[in-house]
Amino acid sequence: MCGSAGALLQQKVWAPMEADSIFQPLPFHSLTLRNRILRANIAGRFDNADGSGNRARINWELKFAKGGVGAIISAFAPVDVRGRIVPNYAAIDRDEFVPFWRELGRQVHEYDCKYIVQLAHGGRQRDIRGIEYAKGLSSTDKPDPVHGFEAERMSLQDIHDVTRSFANAARRAREAGLDGIEIHGANGYLFTQFLSSAINDRDDDYGGSLENRARLLLEVVQAIRSEVGRDFHLQVKLSTTEYANVLNPWADRGNTIEDSVKVCQWLEAAGVDAIHVSSGSMFAHPRNPAGSFSVKEVAKTYDTLLGSGRYAFRNYVLFQIWPFNALFGRLWRRQGLSLDRVEGANLSDAAAVKQAVSIPVLCTGGFQRASLIRQALDKDQCDAVTIARPLVANNDLVKMFEQGFDQPPVPCTYCNKCLFNVLKNPLGCYDESRYSSHQEMLDQIMSVYDPPSFSSADNDQIERPSA
Ligand SMILES: Cc1cc2nc3c(=O)[nH]c(=O)nc-3n(C[C@H](O)[C@H](O)[C@H](O)COP(=O)(O)O)c2cc1C
Ligand code: SF4
């Protein structure tokens, strides 16, 4: 990789690891991590169309296990076919997928790394329609405002069925020998659609007051606990501030940190072992993942979404044609965090949650400087950080911290090109300025297919009809 490695080597700060808060073990109720850095959830379309996992998924996760993180939190793993948001994500909605998750966990464990699977349901929010279902289940029957996917208001029977799907998925995770589960309660997916004052328009026991809006999440926690017992690690990722009016100042702003603090206290009382703090009423959102937003980059891959959702064609035109694209880009950037504020974007929310609960609090968003992470831990703003893009850019970031680097020689630029490519191309770091050549970038991206799914060793084992 290119970059002024020489100058940055001077940023090395040698501190004994035993005294470094980053490298202190993190104890949860029933699980202990060896350090305070978790790989945050990063979805990529590596898997098979039926939701079964693939060799590439294992290769991808091993990059981070080898790089020294204390735990990996998986990508969005659908608990039900109707909760899928794009094809080709590894799902956990069937018993026959347990062997894949078991093998993934086994290989990750070889590197003294724990594996937590994110149980997820998209509700009305998704990216590519796929062939399995038309309307997404939600708290409302209003379509999602980004792509215009249709929604169906959930009946009490639907609520019961989805609750069972989460409990069954938790059981599968435990049967697979994984170390815990995370409920994806953030970023606009099903639980946000119930929790949010800006989205939930029900007038039954699951809508109206905050308590009612949190009912589905709390019932799912209860159902999971009944299924897997008290001692299987369970954490919840939440958008603690929604900023739902970010692109439309006349809209409801959605839940505030004060609302979310109450929800976190209820979750703790219900037996949740940790809170993972994120933000944003949808995904992507100008604040999550915060950073650059280039309409030109979005336009390059948006054709993948054509035919998905009733606004997709409108968006496609908007992203291709000046001045609409320029205006949209400007609006997004204005409402987002400027590059110098991306670091630790959710720390103040994490600190507010931390003061209100006694379970560990994980914070996501903009961590790649050891000194900032150390400071957040030492000031008790959170108990650990979760990292996505900086680990995509530098898989061995934790090892670099161990060696005394404050930040990597060629850091993540928060350009978000990994995000803009994720629906069309293999997941990886697409910031060409970080590489010495285009080919080097491609090699890094394609390295996830090595070792391949099918090798000559497999070939030798295939039974051939005798001549
Ligand atoms: C390409 C990409 C895919 C992501 N996929 C998921 C996901 O499946 N589930 C989830 O909860 N968050 C997902 N996120 C959000 C990250 O987990 C993380 O919270 C966010 O990017 C902020 O952290 P960072 O600044 O370290 O990237 C994704 C982010 C990116 C960039
Ligand atoms: S493309 Fe690379 S540099 Fe840009 S945000 Fe993603 S990981 Fe970071």
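Values in this text are rule-based calculations from the coordinates and carry no lab data. Since the model is a prediction, treat every value here as computed from it, not as a measurement. Positions of Cβ are generated from backbone atoms using ideal geometry, with glycine treated the same way; all protein chains shown enter the neighbour counts.
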Just grab the label-to-label distance for Glu440 and Arg341, each label 7 Å out from Cα along the Cβ direction, in nm (one decimal). 3.4 nm
So for the pair Arg253, Glu96, with labels modelled 7 Å out along Cα→Cβ, what separation do we get in nm? 5.0 nm
Taking 0.36 nm per intervening residue step and subtracting the Cα-Cα distance, what contour gain separates Ser21 from Lys379 on full extension? 127.8 nm
Let's test this: bin the Cα-Cα distances of segment 65-207 at 5 Å from zero up to the farthest pair and state each bin's percent. 2, 10, 19, 20, 18, 13, 9, 6, 3, 0
So, R0 is 60 Å and r is the distance between the beta-carbons of Asn48 and Ser348; what FRET efficiency does that work out to, to 0.05? 0.90
So if R0 is 35 Å, what FRET efficiency would Glu227 and Ser453 give, r being the distance between their Cβ atoms, rounded to the nearest 0.05? 0.60
Three principal axis lengths of segment 215-360 [C-alpha, angstrom, descending]: 55, 34, 26
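About the Cα centre of segment 294-334, how large is the charge dipole given +1 on each Lys and Arg Cβ and -1 on each Asp and Glu Cβ? Please answer in debye to the nearest 20.
The dipole magnitude comes to about 200 debye.
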Positive-pole candidate from Val357, Ala376, Gly309, dipole of the chain, charges at beta carbon: Gly309
Which value in deg cm²/dmol, rounded to the nearest 500, describes the helix-derived mean residue ellipticity at 222 nm for the chain, given -39,500 (n - 2.57) per DSSP H run of n ≥ 4 and division by the residue count? -10000 deg cm²/dmol
From the residues Ala299, Leu318, Phe328, which one has its Cα farthest along the dipole of segment 294-334 in the positive direction, the dipole being from +1 and -1 charges on Cβ of Lys/Arg and Asp/Glu about the Cα centre? Phe328
Classify segment 68-109: rounded, prolate or oblate, from the alpha-carbon gyration tensor (a ≥ b ≥ c, eigenvalue square roots; a/c under 1.5 rounded; otherwise prolate if a/b is larger than b/c)? oblate
With 0.36 nm assigned to each residue of separation and the Cα-Cα distance removed, Ile131 to Gln107 gains 5.4 nm
Any idea which of Gly185, Leu339, Ala198 is furthest toward the positive side of the dipole for the chain, if Lys and Arg beta-carbons carry +1 and Asp and Glu beta-carbons -1? Leu339
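Using +1 on the beta carbon of Lys and Arg, -1 on that of Asp and Glu, and nothing else charged, what's the dipole of the chain about the Cα centre, debye to 20?
Value, rounded to 20: 960 debye.
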Checked segment 294-334 against the a/c 1.5 cut and the a/b vs b/c comparison, axes a ≥ b ≥ c from its Cα gyration tensor; verdict prolate
Please give every one of the lysines within straight-line cross-link reach of Lys296, meaning a C-alpha to C-alpha distance under 23 Å, and leave out same-chain neighbours fewer than 8 residues apart. Lys417, Lys424
Quickly work out the Ser209-to-Lys142 label distance, labels modelled 7 Å from Cα along the C-beta direction, and quote it in nm with one decimal. 2.3 nm
With a ≥ b ≥ c the root eigenvalues of the C-alpha gyration tensor of the chain, is it rounded (a/c under 1.5), prolate (a/b larger than b/c) or oblate? rounded
Give the share of C-alpha pairs in each 10 angstrom bin for segment 124-168, from 0 to the last occupied bin, in whole percents, shortest bins first. 28, 47, 24, 0
